[in-house]
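Notes follow the structure.
Bear in mind that the values in this text are calculations on the coordinates, not laboratory data. Keep in mind that this is a model prediction, so the values were computed, not measured. Positions of Cβ are generated from backbone atoms using ideal geometry, with glycine treated the same way; all protein chains shown enter the neighbour counts.
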Amino acid sequence: MHKIIRFYNQNRKQIIRVIAIITFIIILIQMLNYIYKNKTDNNNQSYINENSNYNIGNFGTIVSNKSAVTDTKVDNEKLNDDVNVINEFIENCNERNIEKAYSVLSNECKEEMYPTAKDFYDNYYIMVFNNNKLEYSVENWIQDTYEVKFIEDMLATGKINEENKQDYITIVEEDNSLKININNYIGREILNKKIENNNIILNLIQKDIYMDYEVYKITIKNNTGKSILLAPEDKTNTIYLQNTNGGKFYAANSELLKEELLLENNYSHTIDVKFNKTYSYSNNIESLSFSNVILDYDTYSNLSDKDEDKDIYDLQVNL
């Protein structure tokens, strides 16, 4: 005891200084925590005021009621209606009610991607949910399309999955009710644009829009009296879309077989052409072009130098 008292008396100033510094640090930390907590509470309150229905059912959360692309606010009534349909779909998937989840899909989505409930089960449900219950967040991307991020419940699965899945889900109206398109499928637009030039009849029937590309269904009839080739194999970027600003979006020619591009006289067939175009609500396409149509394929095929062929044609249809 005497040793402690003697140590204190000998080092009183240093001890008091250390105690003062420690006290100051503790007070400073408490003040910073208080300021941070108030700031967080205020931010959370603003977030809640901005998103009064931020909880969705048992598993979902609305990230924002503003478009992630345009920053425009989504009408609350529309947001609630849209998110309720998404929630119905996901909760049915979480409860493994495959038929009920499938019934929420639009007819176009079923036709284009999942003709049967088994197709949906094998190629979407298993790939995304795989018999797990997933939490999810919803954020409006643009117009009727929402970005949905799926999160596995680590406590339920016992696994840590750092590669959470996401999807773009689009709301469509069908028979006076709301349905959804899933797996990045935005929807279908009926075109019915028909032209006849140089004895070639071209009919743009429809296009199916995805987040990263578009697929045009095109019927072509050849009345030229000769075999024609819609795009030479040795040339790329001859089939393209063009927007109102002059920008071009090229077809994935590698996915087209030569048999699809070669038409004999008086022959007609329908092809699906995929264009590398990212979805944008304001990116208006004004035309589709087959810019290097070979009008006499038999003569062209016998040329040693294909560039010598002058019998080519730019077939264009305005949208």
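Some notes on this structure:
- Cross-link pairs Lys193/Lys217; Lys248/Lys310; Lys226/Lys277 - those with Cα-Cα distance over 22 Å: Lys248/Lys310; Lys226/Lys277
- Overall, the ratio between the Cα radius of gyration of region 188-318 and 2.2 N^0.38 Å, rounded to two decimals, is 1.04.
- Cβ crowding within 10 Å ranks Ser289, Ser106, Ser177, Ser268 as Ser177, Ser268, Ser289, Ser106, fewest other Cβ atoms first.
- Beta bridges per DSSP with both ends in region 59-183, % antiparallel, nearest 5: 80
- Proximal aspartates and glutamates relative to Lys100, as straight alpha-carbon distance under 16 Å, when same-chain residues fewer than 8 apart are discounted: Glu88, Glu91, Asp119, Asp122
- Neighbour-count ranking [beta-carbon atoms within 10 angstrom, fewest first] of Arg188, Arg96, Arg17: Arg17, Arg96, Arg188
- Other residues within the sphere of radius under 13 Å centred on the Cβ of Leu262, judged by their own Cβ, net out at -4 (K and R +1, D and E -1).
- Sorted fewest first by neighbouring Cβ atoms within 10 angstrom, Ile25, Ile142, Ile90, Ile186 come out as Ile25, Ile142, Ile186, Ile90.
- Packing-based order for 190-196, 231-237, 109-115, using average beta carbon neighbours within 10 Å, highest first: 109-115, 231-237, 190-196
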